[in-house]
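Everything on this sheet refers to the single structure shown next.
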Amino acid sequence: MNYRRAYLPAFVIAAALASPAVAQQDDEGSIIVTAQRDNATQVINGGEAGVLGNQPAEDLPFAIRSFDETLIYNQQPLTIGDVLENDPTVRTTYGFGNAAEQFVIRGFSLFGDDVGVNGLYGIAPRQLIAPELFEQVQVLNGSSAFLNGAAPGGSGIGGSVNLQLKRAGEDRNRATATFVGDSHFGGSFDVSRRFGDSREWGVRVNGAYRDGEVSIDREDRRAQVLGGALDYDGGTLRAALDLAYQEVRVDSLRPKVTLLANAIPEVPETGANYAQDYTFTELTDIFGTFTLEYDLSPDVLVYAKAGARRGDEEGIYGGIQVTDAATGEASSGFHSFIPYEQNNEAVEAGLRAGLATGPVSHTLNLGGNLIWQQDRTAYDFFSPFATNLYDPEQVAPQPTAFAGGDLDDPFPITERKLASAFLSDTIGLWDERVLLTAGARLQSIDIERFSYFGGGLDTAYDEEAITPVVGLVVKPVEGLSLYANYIEALQEGAVAPLDPAIANPGEVLAPRMSTQYEIGGKFYFDPAIFVTLAFYRIERPGEGFEASGADGTRFAYVGEQRNQGAELTLNGELAPGLRLIAGFAFADAEFDSGLDAPGVPDFAANANVEWDLPFVPGLTLNGRVTHTGEQEANAANTLQLDSWTVLDLGARYVFAAGDAPVTLRLSLDNVTDEAYWASAFDAFNPALLQGTPRTVKASASIAF
């Protein structure tokens, strides 16, 4: 038995012992009350809805919510995936053999490549995103093809995520020290100022560094980020420049477990790691956006925004393929060395105008966008070796089995250009108690795929389509919005795996269309509690492997996939000092063959509760329950993962150090140290992702 020890950092223990246990003096009491209120974890009901702009949720024919930066400070997530675990409609898994987070929304994948930043695609770091740079993590359920255009990575059919970089609001100075897992220490700072005669100028600089082993044996993570924003708000003219740097490294990442046996293996010990010590992922990104808005009149806005990113990645990626579920006997599969460089640019410009024709109001949106991307990469796959899931041996890297491209100086493998033009009108009737949105986006996807062997053009296509949207919002009574939408989307073609056993490894398939139908309602209670209920159906061509005569097996579009379900989310203050973020999602993801899509849980639910104890000034208790139901583990539906439930508990305490509030945070994730297979979502093969073990998190922040 492997007994694990968890240590609390000395700064947390010392601060807790030194903190006052009696009522504060009046000025200290005011500091504590204000800081406790400012630290309250919250959800913003609304967000950036693409070309429709920043909108409250009740005015949109879509389900949208935004997780505030207070949640990031309070929960100390290591990645954006940890933030999205608070959303019952989102589950996180890994996309490939490396630390590449992808998110499952309405049964479809959202790659890290297709997460937006300040409303632009292609600007966010790939694979892993450190959350410290962002003030909002916005989730929009359902297709956003009209709102944002086609995602360049070809995902996002079930939902989209947009990240808002931090900008100056109120003046602040904040420093934070953090501890996670066994020996993962870090610190961050956040400085914000507004200045000028009318405080029209704003500057915000923030950064973080953390490093060390987390709660999984030998898995070491390091992240360093730095962000800066300069903005100007002159009334009619607004401009902002956001720049950011991120470097993330993961050593000995515990990989997904691919199934070659027709059985689900027993889950290893919670902290077990079956990775090779030489495996690593290192990601370096420089990215930023520039935004400009000008009010031609009180009802007419013109805007433009541009963004760019340079990303460099390399790593030795690993995996494990179980051949005997009872004994854990396995093959390493093809470990690989894959350098990857990417340059992305994106621009968008448009006009938003409001006008009235008698009792009818109109909000017109028109404009267009362009995205350019170039991927330069190569690969070197190593020969497999024997191992065991429950007793892995450390083995030296094996000889090359097959390789492609220039490993020392990767040349372009994929070049993309996505262009679109959009037009919509939102008609308001009866004092805007009825809002009808109709629009269309002319979308073009131009992709060239080059050979790894010499760089010659391999495949190319240039496809375009008009993707319409119709959305309706009806407000029959105060606080209630009923909505419906119909939306189509054009999606970049799926990419075949780099598997020499198939006839078309690495081939990019032609773009495919999807269709979504959705109805729902949103309701404010009292008005501090907000509830959203949605019913949806999404249809698109499926993907998989098919026999192809003399060519053997090919990766291709196979049949149709239909995902439908119901979602409910709830957030707000149930009573003074008692806050709730909760919800559930039912999903039925099925192919026309009658088989269910693997990796899509039939039911998922979350409940996150915070309580400011009225009889202990400054103390907040919090807890979260996350439940994920059964899910199919393979395409034939002969394997199934059990449901799982995880409990997290924590507390925050605020006290005054002179005029400065100090916040101590302590939490224990997966309190019961539940061992579970968290996900079986994988585009190509049955693959299991093991859940995170019991994890201690602690931090101390001071605002001055």
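The values are calculated or read from the model by the stated rules, or taken from the named source; none is laboratory data. Computed from a predicted model, the values in this text were never measured in an experiment. Here the Cβ is made from the backbone with ideal geometry for all residues, glycine too, and neighbour counts use every protein chain on show. All accessible areas refer to the heavy atoms of the entire protein, side chains included, with ligands and DNA or RNA removed. Shrake-Rupley method; radii C 1.70, N 1.55, O 1.52, S 1.80 Å.
A single member of ARG554, ARG579 is in contact (Cβ under 8 Å) with a residue 60 or more places away in the chain, assigned to a strand (DSSP E or B) and open to solvent by 20 Å² or more (accessible area, probe 1.4 Å), and it is ARG579.
Mind checking whether some residue in the range 657-664 is modelled with pLDDT under 95, under 30 Å from GLY544 (Cα atoms) and surrounded by fewer than 16 Cβ atoms within 10 Å (Cβ to Cβ)? Checked against the condition, which is being modelled with pLDDT under 95, under 30 Å from GLY544 (Cα atoms) and surrounded by fewer than 16 Cβ atoms within 10 Å (Cβ to Cβ), the range 657-664 yields no hits at all.
Annotation note: of ASP82, ASP38, the sole residue that is surrounded by fewer than 21 Cβ atoms within 10 Å (Cβ to Cβ), among the acidic types (Asp, Glu) and within 25 Å of PHE586 (Cβ to Cβ) is ASP82. Taken together, PHE103, PHE108 contain a single residue that is over 11 Å from the mean Cα position of the chain (by Cα) and of a type outside the set (D, E, K, R), which is PHE108. When the range 509-557 is examined, which residues are found to be of a type in the set (Gly, Ala, Ser) and either modelled with pLDDT of 90 or more or within 19 Å of ILE487 (Cα to Cα) (or both)? Listed by number, the residues that qualify are SER514, GLY520, GLY521, ALA534, GLY542.
Which of the residues belonging to the range 322-381 are among the acidic types (Asp, Glu) and open to solvent by less than 50 Å² (accessible area, probe 1.4 Å)? Within the range 322-381, GLU341, GLU348, ASP375, ASP380 meet the criteria.
Here the range 558-602 is the region considered, the condition is being at positive phi and over 24 Å from the mean Cα position of the chain (by Cα), and the residue that is modelled with the highest pLDDT is GLY577. Scanning the range 422-455 for residues that are of a type in the set (Gly, Ala, Ser) and either surrounded by fewer than 16 Cβ atoms within 10 Å (Cβ to Cβ) or more than 16 Å from GLY50 (Cβ to Cβ) (or both) yields a count of 6. At pLDDT 50 or above, open to solvent by less than 30 Å² (accessible area, probe 1.4 Å) and touching a Phe, Trp or Tyr at 6+ places or on another chain (Cβ under 6 Å) - does that describe any residue in the range 51-71? Yes: one or more hits. Here's a check for you: in the range 90-103, which residue that is open to solvent by 10 Å² or more (accessible area, probe 1.4 Å) and among the hydroxyl-bearing types (Ser, Thr, Tyr) is modelled with the highest pLDDT? Looking at residues that are open to solvent by 10 Å² or more (accessible area, probe 1.4 Å) and among the hydroxyl-bearing types (Ser, Thr, Tyr), I get THR92. Here is a check on your reading of the model: is GLY650 free of Cβ contacts under 8 Å to residues at least 12 places away in the same chain and farther than 21 Å from SER30 by Cα? So GLY650 fails the test.
Of all residues in the range 127-142, those satisfying the criterion of being buried (at least 24 other Cβ atoms within 10 Å of the Cβ) and not hydrophobic (A, V, I, L, M, F, W, C) are GLN127, PRO131, GLU132, ASN141, GLY142.
For the range 108-126, filtered to residues that are more than 19 Å from LEU241 (Cα to Cα) and in contact (Cβ under 8 Å) with a residue 60 or more places away in the chain, the residue that is least open to solvent (accessible area, probe 1.4 Å) is PHE108. For the range 666-685, a tally of residues being assigned to a strand (DSSP E or B) and closer than 18 Å to LEU78 by Cα returns 5. Taking LEU688 as the residue in question, decide whether it is of a type outside the set (Ser, Thr, Tyr), open to solvent by 20 Å² or more (accessible area, probe 1.4 Å), assigned to a strand (DSSP E or B) and closer than 19 Å to GLY271 by Cα. For LEU688, the condition - of a type outside the set (Ser, Thr, Tyr), open to solvent by 20 Å² or more (accessible area, probe 1.4 Å), assigned to a strand (DSSP E or B) and closer than 19 Å to GLY271 by Cα - is not met.
Residue count for the range 507-530 under the criterion of being of a type outside the set (Lys, Arg) and touching a residue at least 60 places away in the same chain (Cβ under 8 Å): the result is 8. Give TYR483, TYR452 a once-over and let me know the one that is of a type outside the set (Val, Ile, Thr), over 25 Å from PRO541 (Cα atoms) and part of a loop (DSSP other than H, G, I, E, B). The unique qualifying residue is TYR452. Just wondering, is there one or more residues in the range 530-545 that are open to solvent by less than 60 Å² (accessible area, probe 1.4 Å) and outside any strand (DSSP E or B)? Among the residues of the range 530-545, not one is open to solvent by less than 60 Å² (accessible area, probe 1.4 Å) and outside any strand (DSSP E or B), which makes the answer no.
Filter the range 384-414 down to the residues that are surrounded by fewer than 17 Cβ atoms within 10 Å (Cβ to Cβ) and part of a strand (DSSP E or B) and list them by number. The answer is ALA386, ASN388, THR400, ALA401, PHE402, ALA403, PRO412.
Among the residues of the range 615-635, the ones that are crowded, with 19+ Cβ neighbours inside 10 Å and acidic (Asp, Glu) come to 1 in all. Taking the criterion of being surrounded by 20 or more Cβ atoms within 10 Å (Cβ to Cβ) and under 24 Å from SER361 (Cα atoms), the residues of the range 456-483 that qualify are VAL469, GLY471, VAL473, SER481, TYR483. Filtered by the rule that a residue be touching a strand residue (DSSP E or B) at 6+ places or on another chain (Cβ under 9 Å) and charged (D, E, K, R), the range 380-394 gives ASP380, GLU393. Scanning the range 681-701 for residues that are in contact with a Ser or Thr (Cβ under 8 Å, 6 or more places away or on another chain) and of a type in the set (A, V, I, L, M, F, W, C) yields PHE681, ALA683, ALA687, LEU688, LEU689, VAL696, ALA698, ALA700.
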